[in-house]
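Only one structure is covered here, and it is reproduced in the block below.
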Amino acid sequence: MTRVPLTGGLVGTVSSPTAQLTVGGLSVGTAGSPLSRTLPGIPALGETAIFTETLVIPQGAAFRAVKSGAPIIVTRTFSDNTAAGTASAGAALFPSGPGSEPFSVSRLSLTFDDRSRVKVLSKGSRLRALAEINTTGVGLIIAQWEYAPAVTTAGTPIFRPLSLVRRSVAGGRRVVITSPPLPTRFEGNNIVRLRITDPATRFDEPELQYYVTPESPLPDQQPPRLLLTTSPSAGTPLTQTTRFAWQAVPGAQAYKLEIHPGDPGPAAPADQDLVVAELPLDPAPDAPATAVEPLTGIVLPAAVTETRLKAFSLQHLPPNRRYRWMVKALGKEGAVLGVSEMKEIFKP
């Protein structure tokens, strides 16, 4: 702030109450504290005072600037108690960082409320899904929870609306959206998804599967049988074309393919001398049990004994790593009737 030369010199105080904030010519608030400095009034030479301050810009002002594409203009007006005039000066602030980027959804991940991605449960059970969303920019997410009942999933799934979602978000943040209770009155393989309608996404939206078993009394507790797998063979890489196949288990209501983390490094090469024998089901297999939740997987009806993983399932598996896979045969109330041996596979 420069005080013009004074003819005879006069002690005076220059001051400014607060900084005014405008965006696109519209006032969006104030910032800063009052500034004041008393100067001795040097005649003829004039005087200069330097004020240094740190301003906190209100969130609303930053949001308006990002949406409109206009800078935030910070203006200070100073007055001198020895004169009637005032002087003003401004500075333009251009928001930067994640909140200033165009509004978009960069990532969408779905899990059930226990963080699993495949679920087998009895008829009438309670179940919810969670969506984790990463965004850039500032805006409003408009989406809809939808599910495809089991009666439609044998062919092309027909999705039905569950609830509408409208969520205002600020860029660079992780947003978690919980679904309403999912319908569990339809026996068989059901699918749920969160379909984002605005902003437009550039990726295939993931889906979750949950298999509902018929109502029945608790089954007798029997050890699971050995489930024999026939594909893929050892050394086969894990891709979208990899075929997983197994032999049927009597009494099975569904089959669950699980992919678990493996040891680091490439998978062991296929043993050329390995012969797969067509053995009968063993009522007491020595199959390894695991309490660790699978990284991904799929649930299939009892009539299906082979499958390939979809792209959104493979996205949960980083490349150049080893994994272990297994198949479970599930009976009523989700009882495990058969378990395959845990086998290794490498994703290039």
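At-a-glance table
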item: Between helix 59-68 and the chain: long-axis angle, C-alpha atoms, 0 to 90°, nearest 10; result: 80 degrees
item: Accessible carbon and sulfur surface of the chain relative to its total accessible area, %, 1.4 Å; result: 54 percent
item: Mean residue ellipticity (222 nm) of the chain, computed from DSSP H runs ≥ 4 via -39,500 (n - 2.57), nearest 500; result: -1000 deg cm²/dmol
item: 24 Å Cα-Cα reach of Lys67 towards lysines, excluding residues that sit fewer than 8 places from it in its own chain; result: none
item: Relative contact order of the chain, pairs being alpha-carbon contacts under 8 Å that are 6 or more residues apart, as %; result: 14 percent
item: Whole-number percent relative contact order across region 64-130, with pairs defined as alpha carbons under 8 Å at least 6 apart; result: 24 percent
item: Among Lys256, Lys310, Lys332, residue whose mean-square fluctuation peaks in a GNM of the chain (springs only between Cα atoms under 10 Å); result: Lys310
item: Relative contact order (%) - criterion: Cα under 8 Å, at least six apart; region: region 303-348; result: 39 percent
item: GNM flexibility winner over the chain from Gln209, Gln144, Gln240 (Cα, springs under 10 Å); result: Gln240
item: Listed pairs Lys119/Lys347; Lys256/Lys332; Lys310/Lys343; Lys256/Lys347 exceeding 18 Å between Cα atoms; result: Lys119/Lys347; Lys310/Lys343; Lys256/Lys347
item: Accessible area in square angstrom per residue, the chain, 1.4 angstrom probe; result: 54 Å²
item: Label selected from [x] -0.31, -0.62; [y] -0.51, -0.74; [z] -0.37, -0.71, the criterion being log10 I(q)/I(0) by the Debye sum over Cα atoms at q = 0.07, 0.10 Å⁻¹ as computed here; result: [y]
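The values are calculated or read from the model by the stated rules, or taken from the named source; none is laboratory data. Nothing here was measured: the structure is a model prediction, and the numbers come from that model. Accessible surface is based on the protein model in full, side chains and every heavy atom, while ligands, DNA and RNA are left aside. Shrake-Rupley method; radii C 1.70, N 1.55, O 1.52, S 1.80 Å.
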